[in-house]
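Chemist: Please see the structure below; I have some questions.
The values are calculated or read from the model by the stated rules, or taken from the named source; none is laboratory data. Just so you know, these numbers come straight off a predicted model, no measurement behind them. Here the Cβ positions follow ideal geometry from the backbone for every residue, glycine too, while neighbour counts run over all protein chains shown.
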Amino acid sequence: MKKLLFLLIVVTPSFFAQSFIAALTGKAFTSNYGYYMIRDVCDLAGGRLMGSEPNKKAFEMLKKELENKSLKPFYEKFTSPVWFRGEDKVVLKLPFRKNLRAYALAWVSPAKIEDAKAVFVYSGYEEDYRNIDATGKIVVISQERPSGRDELLRGEAIKIAAAKGAVACLFINEAKGGKVLCGVGNFKGDPLKIPAFTLTFEEGAKLRRLLERKVNVVLDVVSNSRVETGESNNLVARIDGTGDEKIVIGGHFDSWDLGDGAADNGHGSAVMFEAAALLKEFGIRPKRTIEFVWFNGEETGLWGSKKYVEAHKNDKIFAMINLDMPGKINGFNVMGFDSLSPAIKSITDTSGSFDLSKSMSTAWTNSDHMYFMFNGIPVITPVGGMTKEMTDHYHDFGDSFDKLDKDYISHGAAAVAFLAAGLADSDFKLFRLSPDEVKELLKKHNLEKRLKKQEEYPF
């Protein structure tokens, strides 16, 4: 009897872990909580640009669904610049008349430009303006990166164009098929000095051909979009722990407004929702609190996560897991916080045939983990992938609910819930990188230059 008891004690941790992920997976794949939540949000609210009525409606819908799962969600409000899309248009007047499929970049302000000539300035670098007079003209810019040149961000190209006297910028999207590429004109929330729009490849290529043939191209550009300072909110729900440390699981709930924001980032938001619902349903009581945060304003400048970190940077955050288009999760990226790898491996090694063995340590920026990383808080992102159909319509009209796969969401929810529960109960010690160590991490992963170009380098 004593020998049998000893055997049970030895096998219990691994056996329990495999039983737990089996239970999580079974419940996830038979319930699909996240899939049906994001279906209703996409179909009944639509695209969720921060500050818009659909954004507010969608957050209320999510809050109600969390309450229906016996969670107690609450808003954390913050103040930031907010961009409101108005009735904007780009009209080709010569050599023929046509309303172009063009959309303003965030932070465009009211403008009315009539009968302005266009000029093609290649990729928009300073040297591309040599022998070109852009004064009073609308510049058409290719987003191809010439061989041997550093990437030129759209914000940089807009600044150069304004300095050269241009009155507007039109960026040609490099993806074919009538797609545009929504985005920001800068990362600071500052009103742009001149309006900037994204064009389809097809219409942009036509303008380029005409201008290279010295055909007179005349356009009107009108914007009624505006920038204001406003109050927005993140939505928070918790699985309470017994200690004073916490795991933050975050992802942005806002999206661009042309489509449904389904893949970006309805998918990640649904994974979070389902993971929270599963852990609540299983009644876990971990040592560390697991805090789920649906961030607002990621698409227009990471506002929700930036403000969250400002308010909570002194909290005892063991790790932040960012779910931005996580796809079908088969492992985790420790994002340069290599000391976290043993903790994650100790958990994923117990997942049995639910394979979470892929691992990496490659830091990247421009999503909601970034300000956690700047403050030395360990961050984790999933290793996985999405189908081509899911990602083909990035930041455009076709990012719609019909592209989502319920199995991807439930697979991701089980993986995230399993990792979060394991980290929340692990004996690994809380650590945080010093500012100097963060600087080294950014340098090691070649992020320093880009962050400086974006005017977001924190040191």
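Chemist: Which one is surrounded by the most Cβ atoms within 10 Å (Cβ to Cβ) among residues in segment 192-204 that are assigned to a helix (DSSP H, G or I) and touching a strand residue (DSSP E or B) at 6+ places or on another chain (Cβ under 7 Å)? I'd like the intermediate steps shown before the answer.
Modeler: So in segment 192-204, the residues assigned to a helix (DSSP H, G or I) come out as 201-204.
Right, trim to touching a strand residue (DSSP E or B) at 6+ places or on another chain (Cβ under 7 Å) and you get 201, 204.
Values: Phe201: 19, Gly204: 25.
Looking at residues that are assigned to a helix (DSSP H, G or I) and touching a strand residue (DSSP E or B) at 6+ places or on another chain (Cβ under 7 Å), I get Gly204.
Chemist: If you don't mind, another one. Among the listed residues Thr350, Thr362, identify the single one that is in the same structural domain as Ile38 (by TED's automatic domain parsing), in a loop (DSSP other than H, G, I, E, B), surrounded by fewer than 16 Cβ atoms within 10 Å (Cβ to Cβ) and of a type in the set (Val, Ile, Thr).
Modeler: Thr362
Chemist: Right, something else. Of the residues Val90, Val108, which is hydrophobic (A, V, I, L, M, F, W, C), crowded, with 18+ Cβ neighbours inside 10 Å and in a loop (DSSP other than H, G, I, E, B)? Even if it seems obvious, please write down each step before you answer.
Modeler: Working: Val90 fails: in a loop (DSSP other than H, G, I, E, B).
The unique qualifying residue is Val108.
Chemist: Look at Val379 and say whether it is in contact (Cβ under 8 Å) with a residue 60 or more places away in the chain, β-branched (Val, Ile, Thr) and assigned by TED's automatic domain parsing to the domain that holds Asp315.
Modeler: Working: in contact (Cβ under 8 Å) with a residue 60 or more places away in the chain: yes; β-branched (Val, Ile, Thr): yes; assigned by TED's automatic domain parsing to the domain that holds Asp315: yes.
Spelling it out, Val379 is indeed in contact (Cβ under 8 Å) with a residue 60 or more places away in the chain, β-branched (Val, Ile, Thr) and assigned by TED's automatic domain parsing to the domain that holds Asp315.
Chemist: Given the condition more than 26 Å from Gly384 (Cα to Cα), over 21 Å from the mean Cα position of the chain (by Cα), at pLDDT 95 or above and not hydrophobic (A, V, I, L, M, F, W, C), answer yes or no: does some residue in segment 264-280 qualify? So that I can check it myself, show each step before the final result.
Modeler: Narrowing segment 264-280 to residues more than 26 Å from Gly384 (Cα to Cα): none.
No, because not a single residue in segment 264-280 is more than 26 Å from Gly384 (Cα to Cα), over 21 Å from the mean Cα position of the chain (by Cα), at pLDDT 95 or above and not hydrophobic (A, V, I, L, M, F, W, C).
Chemist: Within segment 156-167, does at least one residue satisfy the condition of being closer than 29 Å to Met50 by Cβ, over 23 Å from the mean Cα position of the chain (by Cα) and in a strand (DSSP E or B)?
Modeler: The answer is no, given that none of the residues of segment 156-167 is closer than 29 Å to Met50 by Cβ, over 23 Å from the mean Cα position of the chain (by Cα) and in a strand (DSSP E or B).
Chemist: For segment 321-328, does any single residue satisfy the condition of being farther than 25 Å from Met37 by Cα, within 20 Å of the chain's Cα centre (by Cα) and either crowded, with 24+ Cβ neighbours inside 10 Å or in contact (Cβ under 8 Å) with a residue 60 or more places away in the chain (or both)?
Modeler: Restricting attention to segment 321-328, the residues satisfying the condition of being farther than 25 Å from Met37 by Cα are none.
Looking through segment 321-328, none of the residues is farther than 25 Å from Met37 by Cα, within 20 Å of the chain's Cα centre (by Cα) and either crowded, with 24+ Cβ neighbours inside 10 Å or in contact (Cβ under 8 Å) with a residue 60 or more places away in the chain (or both).
Chemist: What are the residue pairs meeting all of these: first residue in segment 9-23, first residue farther than 22 Å from Gly412 by Cβ, second residue modelled with pLDDT of 90 or more and surrounded by 11 or more Cβ atoms within 10 Å (Cβ to Cβ), Cβ atoms under 8 Å, and 6 or more apart or on different chains?
Modeler: So the pair list comes out as Pro13/Thr350; Ser14/Thr350.
Chemist: Here's a follow-up. Which one of these does Glu151 not meet: (1) modelled with pLDDT of 95 or more; (2) under 22 Å from the mean Cα position of the chain (by Cα)?
Modeler: Against the list (1) modelled with pLDDT of 95 or more; (2) under 22 Å from the mean Cα position of the chain (by Cα), Glu151 comes up short only on (1).
Chemist: What number goes with the only condition from (1) touching a Phe, Trp or Tyr at 6+ places or on another chain (Cβ under 8 Å); (2) at pLDDT below 95 that Phe197 does not pass?
Modeler: (2)
Chemist: Now a separate question. Output the residues belonging to segment 168-191 that are over 18 Å from Trp83 (Cα atoms), crowded, with 21+ Cβ neighbours inside 10 Å and not small (Gly, Ala, Ser). Even if it seems obvious, please write down each step before you answer.
Modeler: Taking segment 168-191 and keeping what is over 18 Å from Trp83 (Cα atoms), we get 168-180.
After this cut, where a residue has to be crowded, with 21+ Cβ neighbours inside 10 Å as well, the list is 168-173, 179-180.
Cys169, Leu170, Phe171, Ile172, Asn173, Lys179, Val180, listed by residue number.
Conditions tested, residue by residue: (1) acidic (Asp, Glu); (2) buried (at least 24 other Cβ atoms within 10 Å of the Cβ); (3) out of contact with any Ser or Thr (no Cβ under 9 Å at 6 or more places or on another chain).
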site: Leu258; (1), (2), (3): no, no, yes
site: Ala262; (1), (2), (3): no, yes, no
site: Asn265; (1), (2), (3): no, yes, no
site: Gly268; (1), (2), (3): no, yes, yes
site: Phe282; (1), (2), (3): no, no, yes
site: Lys287; (1), (2), (3): no, no, no
site: Glu299; (1), (2), (3): yes, yes, no
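Chemist: If you go through segment 406-438 one residue at a time, how many are of a type in the set (Asp, Glu) and either within 20 Å of Asp324 (Cα to Cα) or buried (at least 19 other Cβ atoms within 10 Å of the Cβ) (or both)? Give the steps one after another, and end with the answer.
Modeler: Here is the first cut: in segment 406-438, the ones of a type in the set (Asp, Glu) are 407, 425, 427, 436-437.
Still in the list and also either within 20 Å of Asp324 (Cα to Cα) or buried (at least 19 other Cβ atoms within 10 Å of the Cβ) (or both): 407.
Qualifying residue count, segment 406-438: 1.
Chemist: Look through Glu127, Glu114 and report the one residue that is in contact with an Asp or Glu (Cβ under 6 Å, 6 or more places away or on another chain) and either of a type in the set (Asp, Glu) or touching a residue at least 40 places away in the same chain (Cβ under 8 Å) (or both). Walk me through it before giving the result.
Modeler: Values: Glu127 fails: in contact with an Asp or Glu (Cβ under 6 Å, 6 or more places away or on another chain).
Of the residues listed, the single one that is in contact with an Asp or Glu (Cβ under 6 Å, 6 or more places away or on another chain) and either of a type in the set (Asp, Glu) or touching a residue at least 40 places away in the same chain (Cβ under 8 Å) (or both) is Glu114.
Chemist: Between a residue in segment 147-163 that is touching a residue at least 40 places away in the same chain (Cβ under 8 Å) and closer than 22 Å to Thr135 by Cα and any residue that is part of a helix (DSSP H, G or I) and not β-branched (Val, Ile, Thr), which pairs come within a Cβ distance under 8 Å, given they are 6 or more apart or on different chains?
Modeler: Leu153/Lys453; Glu156/Lys453
Chemist: Can you spot a residue in segment 381-389 that is surrounded by fewer than 21 Cβ atoms within 10 Å (Cβ to Cβ) and of a type in the set (Asp, Glu)? Spell out the reasoning first.
Modeler: Step one: filter segment 381-389 for residues surrounded by fewer than 21 Cβ atoms within 10 Å (Cβ to Cβ), giving 383-389.
Checking which are of a type in the set (Asp, Glu) leaves us with 389.
Checked against the condition, which is being surrounded by fewer than 21 Cβ atoms within 10 Å (Cβ to Cβ) and of a type in the set (Asp, Glu), segment 381-389 yields at least one hit.
Chemist: How do the strands (runs of 3 or more DSSP E) wholly within segment 205-304 filter down when requiring 2 or more residues that are on the phi < 0 side of the Ramachandran plot, in contact with a helix residue (DSSP H, G or I) (Cβ under 9 Å, 6 or more places away or on another chain) and in contact (Cβ under 8 Å) with a residue 40 or more places away in the chain: which remain? Can you show your working first?
Modeler: Working: elements: 218-223, 226-239, 245-252, 289-295.
Filter on segment 205-304 gives 226-239, 245-252, 289-295.
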